[in-house]
Amino acid sequence: MFITLLITLLIVTCLAIYLKLKKLYSYWSKLGVPHEKPLFFLGNIKGLGYTCHGTEINRRVYKKFKDSSPLAGFYAFLTKAVIVMDLDLIKNVLIKDFQYFSDRGLFHNERDDPLTGNLLFLDGDAWRMLRQKMSAVFTSGKVKFMLSSIVKVAEKLEQACDIIVNNGANQVEVEDLCARFTTDVIGTCAFGIECNSLGEPRAEFREMGRKIFEQPRHSLLGQSFMICNPDLARRLRLKAFRNDTSKFFMSVVKETIKHRRESQIKRNDFVDLLIELMEKREKLLKQGQRIEKDDMASGLTFEQACAQAMVFFVAGFDTSSATMSFCLYELALNPDIQRKLREEILAVLEKYNSQITYESLKEMTYMEQVFNETLRKYPVVPLLPRVCVNDYRLANSDLILEKGLRVIIPIDAIQNDPEYFKEPELFNPDRFSSAAIAQQHPAFSFLPFGEGPRNCFGMLFGKLQTQIGLIMMLRKYHFSTTSKTKIPLHYSKKTFLLASESGICLKIEKLY
């Protein structure tokens, strides 16, 4: 009797789950929205993190439906999403109707993983307040002020190249070299400390940065689950960052702030802003005001300050180093482009007494083209996530995107679409000459930094450190391929961001 009851209960449970999943996975069919047939529990992300990178999935869906519909339905695990492919609709999502799509919907769990309470992950009023405060650090004037500090670190990058060549090594792993450079830049500009990653490749700051991206707490599938089901992940008390990396960054911020306060050091930088916001909160508390923990308009707690410092590092370190690496890879494959770029660098620097200045960078127009073409072919952040915060009716349509629906803008697929960029597999900086831009590129076909109120707030800083690093290496060194250079390059399947699967090994030769 008990066995019969148990079997009946099991059958009923399985049937209920089946019917629930069938209803879920019929959502886009009922609305008449084109989509791929989903697999139970996985949806349309079969192979993610194991046999394919996320860009392959997005490109597949994009190519299949782009010519027949402005958007395509999508399922990620048990979560419904829509991939937006029409450029006018993308403009609406990012700018015109931003109030409907202001949230990213990324996982954050401030209770168990305080470093996730940062500008990149947060939504709503907390994001708005932080964005307003943090943007003040990255105005053109503030970024221009940081230039001399970046150049000093870039000089150490040049010295590191000298050491590699002088020691008889004619090959270099450029991903690691560029990551050490951006680590030191972030350490100097964000924390005001010497990381010394260029002098010591195994420096602690570099090791912790490596762990964040190369040894994450969860597999890509696990990270996907947390992103697609953030509420459930919070209830399960999951964390995004490793305990050791969290402990390290919180101790670094604590010691930096303590030193600044005790020594009364003022650098007018990111750390000073965090101290100002912490002191604002402390002052209000001393006055007897009652402040909710998540009320960031009244200042920041220590944990919240640490979270903002962490996002400065995470957002600025890997994206810039990856862009530098992909650029050097393409320049090694295209020596004529490398030679033309070097000629411009040397010609402009000669006018400025070999000094890298804000004005000299402005004159390097071909450098700008090479930089943009690198981001076009290799958008390190290959998609933009959004969430509908209210029901949204598509223009000239009866279709309503429901509140809570996830929205995906497939940057990588769009920027490698031959309709917008002829022969996208070719590396061609001339696409971004002023004449070509006016003739060829429709608006919103090039979105490496996003657009609208939630675009990359550190865009100017990232661009500056990337270009200065490239100038320092290219003005004295030539890069070419070796037998170890992987051609074509394949992306690592372990991360959402674009990174080489097996590194980028290039030959380095000193020119003079």
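The values are calculated or read from the model by the stated rules, or taken from the named source; none is laboratory data. The structure presented is a predicted model; accordingly, all values stated were derived computationally and were not measured. Every residue, glycine as well, gets a Cβ built from its backbone with ideal geometry; the counts of neighbours run over all protein chains shown. In case anyone asks, the SASA skips ligands and DNA or RNA and just uses the protein heavy atoms, side chains included. Shrake-Rupley method; radii C 1.70, N 1.55, O 1.52, S 1.80 Å.
Could you state how much accessible area Thr13 has, in square angstrom rounded to the nearest 10, with a 1.4 Å probe and all protein chains kept in place?
Roughly 60 Å² of Thr13 is accessible to a 1.4 Å probe.
Between helix 174-186 and the chain, what is the angle of the helix's C-alpha long axis to the longest principal axis, kept within 0 to 90° and rounded to the nearest 10?
90
Find how much the distance from Phe98 to His259 grows on full extension, using 0.36 nm per residue of separation minus their present alpha carbon separation; answer in nm with one decimal.
Extending this stretch completely gives an extra 53.8 nm.
Which value in nm describes the separation of the simple spin-label points at Asp272 and Leu285, placed 7 Å from the Cα toward the beta carbon?
2.5
With 23 Å as the limit, write out which pairs from Lys37/Lys80; Lys266/Lys362; Lys20/Lys80 have Cα-Cα distances beyond it, or answer none.
Too far apart for the 23 Å limit: Lys266/Lys362.
Kirkwood Rh, Cα Rg: Rg to Rh for the stretch 240-282?
1.05
Using a basic spin-label model with each label point 7 Å from the Cα along Cα→Cβ, how many nm lie between Ile11 and Lys486?
So the label points at Ile11 and Lys486 sit 5.1 nm apart.
Under the Karplus relation 6.51 cos²θ - 1.76 cosθ + 1.60, θ = phi - 60°, what is the ordered set of whole-Hz ³J(HN,Hα) values for the stretch 187-203, x standing for Gly and Pro?
Those phi angles translate into x, 6, 7, 8, 10, x, 10, 8, 7, 6, 5, 5, x, 9, x, 9, 4 Hz.
Dipole of the chain, Cα-centred, from +1 at each Lys and Arg C-beta and -1 at each Asp and Glu C-beta, to the nearest 20 debye?
For the chain, the charge dipole is close to 1200 debye.
Counting alpha carbon pairs within less than 8 Å and at least 6 residues apart, what relative contact order, in whole percent, applies to the chain?
Normalised by residue count, the contact order of the chain is 23 percent.
Between Leu236 and Leu399, what FRET efficiency follows from the Cβ-Cβ distance if R0 is 22 Å, with the result rounded to 0.05?
So, using R0 = 22 Å, E works out to roughly 0.10.
What aspartates and glutamates does Lys377 reach when the alpha-carbon gap must be under 12 Å and sequence neighbours fewer than 8 apart in one chain are set aside?
Cα-Cα hits under 12 Å: Glu330, Asp412, Asp417, Glu423, Glu425.
Any aspartates and glutamates with Cα under 14 Å of the Lys463 Cα? List them, leaving off those in the same chain fewer than 8 positions away.
Result set, ordered by chain and number: Asp318, Glu368, Glu373.
In sequence order, what are the phi-derived ³J(HN,Hα) couplings for the stretch 444-457 according to the Karplus relation 6.51 cos²θ - 1.76 cosθ + 1.60 with θ = phi - 60°, rounded to whole Hz, with x for glycine and proline?
6, 8, 10, 9, x, 10, x, 8, x, x, 10, 6, 5, 6
Just need the Rg to Rh number for the chain, please, alpha carbons only, Kirkwood Rh.
0.99
Could you tell me how many degrees, from 0 to 90 and to the nearest 10, lie between the Cα long axis of helix 335-351 and the main elongation axis, the longest principal axis, of the Cα atoms of the chain?
Rounded to the nearest ten degrees, it is 50.
List the residues of the stretch 296-316 whose backbone N lies under 19 Å from a point placed 7 Å from the Cα of Lys247 along the Cα-to-Cβ direction.
Within reach of a label on Lys247, which here means backbone N under 19 Å from a point 7 Å along Cα→Cβ, the stretch 296-316 contributes 303, 306-307, 310.
HN-Hα J couplings of the stretch 80-88 from phi, Karplus 6.51/-1.76/1.60, θ = phi - 60°, integer Hz, Gly and Pro as x?
8, 8, 9, 9, 8, 10, 7, 5, 5
Taking Cα pairs under 8 Å and at least six residues apart, what relative contact order does the stretch 369-512 come out at, in percent?
The value is 23 percent.
Rounded to the nearest 0.05, what FRET efficiency is calculated for Lys476 and Arg202 with R0 set to 25 Å and r the Cβ-Cβ distance?
Working from the Cβ atoms, E equals 0.45.
For Ser433 and Lys22, FRET efficiency with R0 = 56 Å and r from the beta-carbon atoms, rounded to 0.05?
FRET efficiency, Lys22 to Ser433: 0.60.
At a probe radius of 1.4 Å, what is the per-residue accessible area of His259, in Å² to the nearest 10?
100
If I fit a long axis through the Cα atoms of helix 54-65 and take the longest principal axis of the Cα atoms of the chain, what angle between them do I get, 0 to 90°, rounded to 10?
60
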